[in-house]
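Engineer: Below you will find the structure I want to go over with you.
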């Protein structure tokens, strides 16, 4: 499953700074626009993985977890 996210990029002197408005805390920076984009993508991946892991903690043993494609 693949999601599409927006990225807001700004250039501040020598650095590019970016963030994803849909995923609070997903931000990054880099000397190039490409590096900044990669850093924001990595931040999105880490945050979403952490949210998934946290949401699955403490589920009853008999709970069934399925993947929903949409």
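Values in this text are rule-based calculations from the coordinates and carry no lab data. Just so you know, these numbers come straight off a predicted model, no measurement behind them.
Engineer: Rounding to the nearest 10 and keeping the result within 0 to 90°, find how far the Cα-based axis of helix 33-56 lies from the longest principal axis of the chain.
Structural biologist: Value to nearest ten degrees: 20.
Engineer: Let me ask another. Hey, how much of the P(r) for the chain falls beyond 14 Å, as a percent of Cα pairs?
Structural biologist: More than 14 Å apart: 65 percent of the Cα pairs in the chain.
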